[in-house]
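Student: To start, I am sharing the structure in question, which I have written as structure tokens.
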Amino acid sequence: MSDVALALGGASFDGLVKIEELAGQGMVTLRGDLTDKAIVKAVKDVFGVALPDIRETAFSGSTGALWMSPDEALLLCSYDEAQAKADELAGKLADAHALVVNVSDARAVFQLKGSLLREVIAKLAPVDMSPDAFKPGMVRRTRMAQVAAAFWMDDASTARVVCFRSVGEYVFNLLSTAADTNASVGHYSS
Amino acid sequence: MLLITCPYCGVAAEETELHGGGEAHLKRFGPGSNDDDFTSYLFHRENPKGVHFERWRHVNGCGKWFHAARCTNTLEVFGTYKAQTTEPPKDILDTIRAKRPGFTWRDLA
């Protein structure tokens, strides 16, 4: 894969959490009624996951689906497969009221690793990040400082953040500042 | 701080995640209507101190428009409901009548 796919050329930062720009994340956006049986089945056939419930994620190996709104899902797969999978899904949904587009190059993806990731995210987004309120398996579309972003937790110490590619550098700088080793708050640490 | 629960994604969104869309339940008067109706539709808005019905958009979130009934004085939110309606649902009106006896808003009471 060429580096063209990366907004920041794989930037990374090590502080309270380790922040890395992820390469090779394919993203396919799906608009349509997420409760429509034909759409659910087509997604299952192509991406191997059932569409998640409200504000949840579903993963199966390298593919996954994120709930974005009642009529929007973001489907994840490897970058190289994204166009083929989007075409296949669009073909299966030709008769359904749905729209499928490969948006892999529209966004930047960052991975946050470390036990303090709740604290880092909570500094930037108006979201209750307490372990009782936001758990792995949930996804949240919100803002980070001044731009739209979404994030989800893969496990207790891993989160991924997606934002538009055009604001990738801004979000990376935000995350890096919030994760500065001298900026610990200790609110969520036990 | 104003916390409004989006009826589409269930998030108790903080004000900066939302965008206000003005007064709710306006009836559009377009081409062919008389000048009084058009003027009223275009310019005349409620500006109450108390119960108000508004449109909001969960702009940094699921992106949906919805309605909210709230008190402009105390920022208490009585309830939110989906956009596809021309009047507030009965349960929200009942809540408001219980909490603000005698309230009026346009032709609602």
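Student: How much net charge surrounds A:Met129 when only other residues with a Cβ under 12 Å from its Cβ are counted (Lys, Arg +1; Asp, Glu -1)?
Tutor: Around A:Met129, the charge tally is +1.
Student: In degrees, nearest 10, range 0 to 90: what is the angle between the Cα axis of helix A:82-92 and the longest Cα principal axis of chain A?
Tutor: So the helix axis and the longest Cα principal axis differ by about 40 degrees.
Student: What do you get for the angle between helix A:37-47 and the principal long axis of chain A? Use alpha-carbon atoms, 0 to 90 degrees, nearest ten.
Tutor: Once rounded, one gets 70 degrees.
Student: Each label point is 7 Å from the Cα along the Cα-to-Cβ direction; what then is the distance between the points at A:Ala96 and B:Thr16, in nm?
Tutor: For A:Ala96 paired with B:Thr16, the spin-label model returns 3.7 nm.
Student: For chain B, what's the relative contact order in percent, using C-alpha pairs closer than 8 Å and at least 6 residues apart? Could the numbers behind the result be given before it?
Tutor: Values: 169 pairs, mean separation 26.9, N = 109.
Rounded, it is 25 percent for chain B.
Student: Still on this model: P(r) of segment B:3-99 in 5 Å steps, Cα pairs, percent per bin?
Tutor: Histogramming segment B:3-99 at 5 Å steps yields 2, 13, 22, 21, 18, 12, 7, 3, 0 percent.
Student: So for chain A, taking the charge dipole from beta-carbon charges (+1 Lys/Arg, -1 Asp/Glu), which of A:Ser157, A:Gln111, A:Ala98 sits furthest toward the positive end?
Tutor: A:Ser157
Student: Eight or more residues apart or on different chains, and alpha-carbon atoms under 20 Å: count the Lys pairs in segment B:3-99 matching that. Walk me through the numbers on the way to the answer.
Tutor: Details: B:Lys27/B:Lys82; B:Lys27/B:Lys90; B:Lys49/B:Lys99; B:Lys64/B:Lys82; B:Lys82/B:Lys90; B:Lys90/B:Lys99.
Lysine pairs, 8 or more places apart or on different chains, close enough: 6.
Student: A follow-up question, please. Please go through segment B:11-109 and write out the trypsin sites (Lys or Arg not before Pro) that DSSP classes as loop and that have at most 14 other C-beta atoms within 10 Å.
Tutor: On the way: sites: B:Lys27, B:Arg28, B:Arg45, B:Lys49, B:Arg55, B:Arg57, B:Lys64, B:Arg70, B:Lys82, B:Lys90, B:Arg97, B:Lys99, B:Arg106; in loops: B:Lys27, B:Arg28, B:Arg45, B:Lys49, B:Lys64, B:Arg106.
Counting only loop positions with at most 14 other Cβ atoms within 10 Å, the trypsin sites (Lys or Arg not before Pro) in segment B:11-109 are B:Lys27, B:Arg28, B:Arg45, B:Lys49, B:Arg106.
Student: Can you pull the three principal axis extents for the Cα set of the protein assembly as shown, in Å, largest first?
Tutor: Extents along the principal axes, in whole Å: 63, 53, 32.
Student: Also, I was wondering about something else. So, in nm, how far is label B:Thr74 from label A:Ala106 when the simple model puts each one 7 Å beyond its Cα toward the Cβ?
Tutor: 4.3 nm
Student: Within a 10 angstrom radius of the beta carbon, how do B:Thr80, B:Thr74 rank from fewest other beta carbons to most? All intermediate terms of the calculation are to be shown ahead of the outcome.
Tutor: Working: B:Thr80 20, B:Thr74 9.
Fewest to most other Cβ atoms nearby, the residues stand as B:Thr74, B:Thr80.
Student: Would you mind calculating the relative contact order of chain A from Cα pairs under 8 angstrom and at least 6 residues apart, reporting the percent as a whole number?
Tutor: Values: 393 pairs, mean separation 45.3, N = 190.
Relative contact order of chain A: 24 percent.
Student: Shifting gears a bit: Can you tell me which aspartates and glutamates have their Cα less than 14 Å from the Cα of A:Lys85? Leave out same-chain residues fewer than eight positions away.
Tutor: Answer for A:Lys85, where 14 Å is the Cα cut-off: A:Asp45, listed by chain and number.
No lab work stands behind these numbers, since they all come straight from the coordinates. In this text, all values refer to a predicted model and were calculated from it rather than measured experimentally. Please note: Cβ atoms are built from the backbone with ideal geometry, for glycine as well, and neighbour counts cover all protein chains shown.
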